[in-house]
Amino acid sequence: MSQEGSATVAVLAGGRGSRIGGNKALVRLAGRPLIDFPVQVAVAAGLRVVVVAKRSTLLPALRVPVLFEPEEPVHPLMGVITALSDFPVVIAIPCDMPLLEPADITTLVATRAELATLWPDQPFPAVFRQSTLAGLWQAVRAAQSVRSVQRQYDAPAAIASPRPAAQISVNNQEDLARVERILSSR
C-alpha cells in the first residue's frame, strides 16, 4: 500500500461557525460552498476523503462520506478523534482553509511523526496517528487547546516557510473578502 493509500483526509466541519454567522461549510466563496475547496484539494491529492461534522451541522451535497462526531463535547479535536476511530492515519483539515494545494497535503502524508503540523505555529492542517488517540481524548476532557496538545507531542512542522496565503482560514466576512480577492487575481 502506498503512503497516500494509508492516510485519510478528514475535512473538519463540526464547529459552530459563530464568527462567520454559522453554517461555515455552506458559506459561498467564488460561487461554491467553502467546504468544497479542501475536499477538492484532498481528492486531487489522490487521498481517501471524509467530512467529519455533527449531525446538526448543515452541509451542502457532498461526493464524499460524512462521519458524525458527537454533539458534545464541542472541541476541535472531536473531529480528529472521530476520524481516528475509523482510520489509522488522519490528515485533519478545517473546512475553512480554501487556499491549500494538493502538495500541502501530500507533504503531511510523508511525515512519520505521531502528530505533525504543516506549518510552524499553526494547529491545522495536521497529521494524527491512532497512537495519539488516548492523548487526544485526555486533552478534550481537560479542555486543552490543539496547540497545547501539539506541544505535548513536540509536533514538528513539515514545512518551515509556508506560502502565506495558504494559511488563511475563513473565520469572518473580512477573511472571506480577502480570499475572494486572492482567488479572483489567480
* Structure fact -> In the set PHE68, PHE37, PHE87, the lone residue that is buried (at least 22 other Cβ atoms within 10 Å of the Cβ) and at negative phi is PHE37
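Given the criteria crowded, with 22+ Cβ neighbours inside 10 Å, in contact (Cβ under 8 Å) with a residue 40 or more places away in the chain and farther than 28 Å from ARG178 by Cβ, does ALA42 qualify?
Working: crowded, with 22+ Cβ neighbours inside 10 Å: yes; in contact (Cβ under 8 Å) with a residue 40 or more places away in the chain: yes; farther than 28 Å from ARG178 by Cβ: no.
Answer is no for this residue.
More than 23 Å from VAL140 (Cα to Cα), crowded, with 17+ Cβ neighbours inside 10 Å and aliphatic (A, V, I, L, M), is that true of VAL80?
Numbers: more than 23 Å from VAL140 (Cα to Cα): no; crowded, with 17+ Cβ neighbours inside 10 Å: yes; aliphatic (A, V, I, L, M): yes.
Taking the combined requirement at face value, the residue does not satisfy it.
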* Asked: Is one or more of the residues making up region 111-122 modelled with pLDDT under 90, more than 15 Å from the chain's Cα centre (by Cα) and within 20 Å of GLY46 (Cα to Cα)?
  -> yes
* **Flag for LEU108 being touching a Phe, Trp or Tyr at 6+ places or on another chain (Cβ under 8 Å) and surrounded by 20 or more Cβ atoms within 10 Å (Cβ to Cβ)** => no
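Given the criterion outside any strand (DSSP E or B) and modelled with pLDDT of 90 or more, identify the matching residue among ALA10, ALA53, ALA61. Break it down into steps so the answer makes sense when it comes.
Details: ALA10 fails: outside any strand (DSSP E or B); ALA53 fails: outside any strand (DSSP E or B).
Matching residue, one of ALA10, ALA53, ALA61: ALA61.
Can you name every one of the helices (runs of 4 or more DSSP H) wholly within region 69-186 that holds 2 or more residues which are among the small types (Gly, Ala, Ser)?
Numbers: elements: 77-84, 102-109, 133-141, 146-152, 173-184.
Here the list reads 77-84, 133-141, 173-184.
The values are calculated or read from the model by the stated rules, or taken from the named source; none is laboratory data. This structure is a prediction, so every number in the text was calculated from the model and none was measured. Because the Cβ atoms are built from the backbone with ideal geometry, glycine has one as well, and the counts that use them run over all protein chains shown.
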